[in-house]
Amino acid sequence: MVITGKTQLLGVIGDPITHSLSPVMHNAALADLGVDWVYLPFAVAPEQLETAVRGFAAIGLGGFNVTIPHKQAIMPLLAGVSEVAQAVGAVNTVWRTDAGWWGTNTDVVGFLAPLQALGQAWSQSHATILGCGGAARAVVAGCAQLGCQVIYVVGRDVAKVAAFHASWSQRDVCDRLFVATWEQLPQLLPTTQLLVNATPVGMHPQVDQSPLTTAEMALLPPESIAYDLIYTPNPTLFLKLAQKRDLRAIDGLEMLIQQGAAALQIWLQRQVPIPVMEAALRQYLGLAGGRG
Ligand code: NAP
């Protein structure tokens, strides 16, 4: 593309930012749409966050994504945040309004997209979420939106899972949200319909690790879904074990693409080419398949 004086800017801030895949998929979509926008990575240290956000307003940035470690810290710097960002307690997408920067969290719609595509009812479903970090928060908000009957969050640190539970105490989901430790997992699995790995266990380069053993995977009911938020490797060992049992397996690539697509849609106020974003990511990551 030719960058001119009219080219509009989008971007992503994080620290570090060198591993971000967002520029790959967003610039592929912008090129496909033929619009005069470009999406750039910005490394912003925590102590520079406020200055960077003010600078973005000064230079007229159209909007930006926010990644680790700024997802919570940015919230008080914005004019307002969406209901879903408040529930998750983190913002990953920011756009310009007349009142100033506004933020939301598109990880929730990203997480939900492949589940909603299944077209099934969730009101009787039990979800079990492995891990209680940032991604688990978006998964809890997503499972609440699906209407899951029971949501268990499993953590390895009793104090951290208790704090996680307490952080939802003012939310409607609180009465169907429970926490457990890994030792309790074998009791939870036989009634789990949706099992989500929201830990980095099994992520590249630890590709021979899985949060569940073969024996634990065998405890899941046959109709259950195994969902790994990790997108490299693809599939993870966790998903390979699920596939061996003929369970439905969902990888993290779809969530990554869908959260990005939702952000781009907010900035451009138009439909965005999701297959193009997927093809660009798959090509970049050296993965086969896709809809592109
Ligand atoms: P995070 O905030 O660091 O949380 C990680 C969680 O996993 C914590 O609860 C941590 O427990 C737990 N954990 C880490 N190592 C563990 C181990 N060996 N055994 C058991 N538990 C362990 O990270 P995050 O941002 O939530 O991300 C989690 C995963 O989701 C990452 O793999 C990330 O790439 C993926 N993700 C994917 C997408 C997507 O779009 N597909 C989006 C967001 C995240 P402690 O607190 O005790 O350490």
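The values are calculated or read from the model by the stated rules, or taken from the named source; none is laboratory data. Keep in mind the model is a prediction, meaning the values are calculated, not measured. Every residue, glycine among them, receives a Cβ derived from its backbone with ideal geometry; neighbour counts consider all protein chains shown.
What pairs come out if I take residues in the stretch 175-186 that are in contact (Cβ under 8 Å) with a residue 40 or more places away in the chain and pair them with residues that are assigned to a helix (DSSP H, G or I) and among the aliphatic types (A, V, I, L, M) whose C-beta lies under 7 Å away, six or more apart or interchain?
Once the first residue is in contact (Cβ under 8 Å) with a residue 40 or more places away in the chain and sits in the stretch 175-186, its partners that are assigned to a helix (DSSP H, G or I) and among the aliphatic types (A, V, I, L, M) give 179/161; 179/162.
If residue 227 meets every condition in (1) in contact with a strand residue (DSSP E or B) (Cβ under 9 Å, 6 or more places away or on another chain); (2) farther than 23 Å from residue 84 by Cβ apart from one, which number is that one?
Against the list (1) in contact with a strand residue (DSSP E or B) (Cβ under 9 Å, 6 or more places away or on another chain); (2) farther than 23 Å from residue 84 by Cβ, residue 227 comes up short only on (2).
Take the residues in the stretch 154-174 that are more than 9 Å from the ligand (Cβ to nearest atom) and touching a residue at least 24 places away in the same chain (Cβ under 8 Å); name whichever of them is nearest to residue 141 (Cα to Cα).
Only one residue fits best here, namely 173.
Quick one: would you say residue 45 is of a type outside the set (Ser, Thr, Tyr) and under 20 Å from residue 271 (Cβ atoms)?
Answer is no for this residue.
It is to be established whether one or more residues within the stretch 32-45 are at pLDDT 95 or above and in a helix (DSSP H, G or I).
yes
Results for (1) touching a Pro at 6+ places or on another chain (Cβ under 9 Å); (2) within 13 Å of the ligand (Cβ to nearest atom), shown as yes or no for each residue.
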position: 193; (1), (2): yes, no
position: 201; (1), (2): yes, yes
position: 217; (1), (2): no, no
position: 223; (1), (2): no, no
position: 253; (1), (2): no, yes
position: 267; (1), (2): no, no
position: 278; (1), (2): no, yes
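Could you tell me which of the residues 235, 205 is within 16 Å of the ligand (Cβ to nearest atom), in contact with a strand residue (DSSP E or B) (Cβ under 7 Å, 6 or more places away or on another chain) and in a loop (DSSP other than H, G, I, E, B)?
235
Is it the case that residue 108 is without any contact (Cβ under 8 Å) to a residue 60 or more places away in the chain, within 12 Å of the ligand (Cβ to nearest atom) and under 26 Å from residue 221 (Cα atoms)?
So residue 108 fits the description; yes.
Give just the number: which of (1) in contact with a Leu (Cβ under 7 Å, 6 or more places away or on another chain); (2) under 15 Å from residue 262 (Cα atoms) does residue 50 not satisfy?
(2)
Could you list, in sequence order, all residues of the stretch 163-181 that are surrounded by 13 or more Cβ atoms within 10 Å (Cβ to Cβ) and in a helix (DSSP H, G or I)?
The answer is 163, 164, 165, 173, 174, 176.
Of the residues 104, 7, 51, only one is closer than 23 Å to residue 252 by Cβ and either touching a strand residue (DSSP E or B) at 6+ places or on another chain (Cβ under 6 Å) or hydroxyl-bearing (Ser, Thr, Tyr) (or both); which?
Numbers: 7 fails: closer than 23 Å to residue 252 by Cβ; 51 fails: closer than 23 Å to residue 252 by Cβ.
Every option except 104 fails the conditions.
Could you please find all residues in the stretch 116-143 being over 12 Å from residue 193 (Cα atoms) and either of a type in the set (A, V, I, L, M) or under 11 Å from the mean Cα position of the chain (by Cα) (or both)? Write out each step before concluding.
Within the stretch 116-143, the first condition is being over 12 Å from residue 193 (Cα atoms), and the residues that meet it are 116-119, 130-142.
Listed by number, the residues that qualify are 117, 118, 130, 134, 135, 136, 137, 138, 139, 140, 141, 142.
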